[in-house]
Each structure stands twice: as structure tokens, then as C-alpha cells.
Amino acid sequence: MGDMAGKVVLVTGGATGLGAAIAIGAAQRGAKAVIINCTKSLAEAEATAEQVRAAGAESAIVQGDVAEDADCRRIAKAAERYGVLHGLVNNAGITRHVAHANMDGLSKDDFLQLFAVNTVGPFQMVRACRPLLEASGLASVVMTSSIAGVLGIGSSVAYAASKGALNTMTQSLARALAPKIRVNAICPGFIDTRWFTDKFGAEKTDTIRQNVIKRTPLQVASTPQDIADSALFFLSDASRSITGETLLADAGLHLGRG
């Protein structure tokens, strides 16, 4: 498909998982260049960049922490050579796993850290990229949010709160940045990535996966590619009349099983 032909796209948290799938998918759909941001995963980022190049797009890697405004401005600067940015994907995010009933399990610093990356980071990236986005005429910003921000579920209260704030910020920015920049969010449920195996081990991850399949109406455990297609839709001109939207891409998890 060539629905992103000639576009320049920047993906934060683009080294692995969903971010990598979006970066590679953009190249496969004709993007001219895909800039990949990572915080620590330089080897993985380079592997993703190689797949982007193999798909026909230019690629560059910029290391930086979106919680730091100076880093955001440096990340945005990597797109200046093109004079324009057609798409920004705010995918970088972190979490803490704390049972919701365990109110002593979260500290003020936990909340501040999660909000710094998951909520403030996307704001800073949009601010830093705004001139380049506006130069495109009609740019697209995609926020990677979560079903946690809609239903108040997920890995911790702090995580859900940070994503809920990201959802309302999506609407605020969609109003503020129109008509030159569209802003939308995708809200995945479970995404079957190696992150779960790295954290919980293969056996527990398989248990989690099977539970997700049982709980979702579509009876699937979504892959990064499954969710990336929703982000790529928002990046493409096919969604040119859509802004301020929060899309649940969770295989129907929010519906429950009847």
C-alpha cells in the first residue's frame, strides 16, 4: 500500500513492540523517512531502522527521554533536515505493576514519573514538533494510550490515571492545533509482545495470553502489527476528516463476554 507515500514520520519509543511495528509499517506504506526515538534500546532501534530501510524509507535513530523537554527538542530537530513532519507518534511509555487496592504500593514519585513520560512527554513532543508539523499543511499526531485510560483498569492506578489524562489532552490539543494538525489516540488492550515474557516469563505470559483470549469477544491476543494498523490509519490521509478521536483497539475487551 502507498497511502503514506512521501511522508516523514517520527515515532517515540520506536525500537521495539508497537513502536517498531508502526515505524516499519509506515515504511512499507511508502513513507519517505521514519525517525525512531528510543531511551536505551539502541541495538533494537538499529535493527528496526534496518527493517525500515529495507522497506524503502530513510531512517535515523535519536536517543532521548521524552520526560525531558531538552531531549524532546533534540529529537524533533532530527526532522529539520526534511523541513516538514507529516506524522508524530507519541508511543513512548512506562508503567508500574501495583494492585489497585494496594494504595501503599504507589508513591508520589511513582505518579510523577509515570505522568512525566506518559502525559507530559507527549505534550512536550507535540510542542517541539509543532512548526514542522504545521509545515506539512495537515499533519497527524497519534497518541498511544490504553484501555486503562478509559476503564480505569490495567497495571496500576497511576498508569490508568496517566493514560486517562492523555486521552483528555488528545481532545484539548485537537481543538488547539486545528486546522493544521490532527490529534487522535489509540487505546489498545493487551498487546502480545516480548515485554510480557521478559517481565513474567514464558509460562505466566502464556497464562495471561489465554485469559485475554477468553475475555475478549474476538478471542484473540492482539499482536503489535494488529494495533499498528490502527495507528497507521490515523497517520494516513484516509483519516483526514478525523481529529480528537480516542479509538479502542482492544479486540472488544471493553465489552466483556456475554
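The values are calculated or read from the model by the stated rules, or taken from the named source; none is laboratory data. Being a predicted model, the structure only gives us computed values, none of them experimental. In this analysis, Cβ positions are derived from the backbone assuming ideal geometry, glycine residues included, and neighbour counts consider all displayed protein chains. These accessible areas exclude ligands, DNA and RNA; they are computed on the full protein's heavy atoms, side chains included. Shrake-Rupley method; radii C 1.70, N 1.55, O 1.52, S 1.80 Å.
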Using a 1.4 angstrom probe on heavy atoms only, work out the carbon and sulfur share of the accessible area of the stretch 112-258 in %.
-> 54
Over the chain, calculate the relative contact order: mean separation of alpha carbon pairs under 8 Å at least 6 apart, over the residue count, as a percent.
-> 18
Based on the Cβ-Cβ distance of residue 241 and residue 68, what FRET efficiency does E = 1/(1 + (r/R0)^6) give at R0 = 30 Å, to the nearest 0.05?
-> 0.30
For Cα Rg over 2.2 N^0.38 Å, which listed value, (i) 1.32; (ii) 0.96; (iii) 1.08, comes from the coordinates shown?
-> (ii)
Top positive-direction residue, dipole computed over the chain with Cβ charges, set 231, 178, 255 = 178
Going residue by residue through the stretch 147-163, the Karplus relation 6.51 cos²θ - 1.76 cosθ + 1.60 with θ = phi - 60° gives ³J(HN,Hα) values, rounded to whole Hz and with x marking Gly or Pro, of 4, 4, x, 9, 9, x, 10, x, 5, 6, 4, 5, 5, 4, 5, 5, 7
Hypothetical label at residue 214: residues of the stretch 225-258 whose amide nitrogen lies under 15 Å (7 Å Cα-Cβ projection) | 257-258
Length gained, residue 60-residue 151, 0.36 nm per residue minus C-alpha separation, equals 29.1 nm
How far is it, in nm, from the label point at residue 97 to the one at residue 194 when both lie 7 Å from their Cα along the line to the Cβ?
-> 1.8
So what J values fall out for the stretch 14-19 if you push phi through Karplus, 6.51 cos²θ - 1.76 cosθ + 1.60 with θ = phi - 60°, rounded to Hz, Gly and Pro as x?
-> x, 6, 9, x, 4, x
The chain: angle of helix 121-134 to the longest principal axis, Cα-based, in degrees nearest 10 | 20
Dipole moment magnitude, nearest 20 debye, the chain about Cα centre, only Lys, Arg, Asp, Glu C-beta charged = 440
Longest principal axis of the chain (C-alpha) makes with the long axis of helix 42-54 (C-alpha) an angle, in degrees to the nearest 10, of 50
Towards the positive end of the charge dipole of the stretch 45-160, with charges on Cβ (+1 Lys, Arg; -1 Asp, Glu), say which of 56, 158, 135 has the farthest Cα.
-> 135
In terms of modelled amide H atoms, which long-range or inter-chain residues lie less than 5 Å from the amide H of residue 193?
-> none
Residue-ordered couplings for the stretch 24-32, obtained by feeding phi - 60° into the Karplus form 6.51 cos²θ - 1.76 cosθ + 1.60 and rounding to whole Hz (Gly and Pro as x), are 5, x, 4, 5, 5, 9, x, 4, 6
What is the helix-to-structure angle for 224-235, meaning the angle in degrees between its Cα long axis and the longest Cα principal axis of the chain, kept from 0 to 90 and rounded to the nearest 10?
-> 40
Towards the positive end of the charge dipole of the stretch 66-194, with charges on Cβ (+1 Lys, Arg; -1 Asp, Glu), say which of 188, 125, 66 has the farthest Cα.
-> 125
According to a simple spin-label model (label point 7 Å from Cα along Cα-to-Cβ), what is the distance in nm between residue 135 and residue 5?
-> 2.3
Counting pairs of alpha carbon atoms under 8 Å apart in space and at least six apart in sequence, what relative contact order in percent does the stretch 89-150 give?
-> 50
The stretch 1-110, relative contact order in percent, only Cα pairs under 8 angstrom and at least six apart counted | 29
Probe 1.4 Å, heavy atoms of protein chains only: per residue, the accessible area of the chain in Å² is 45
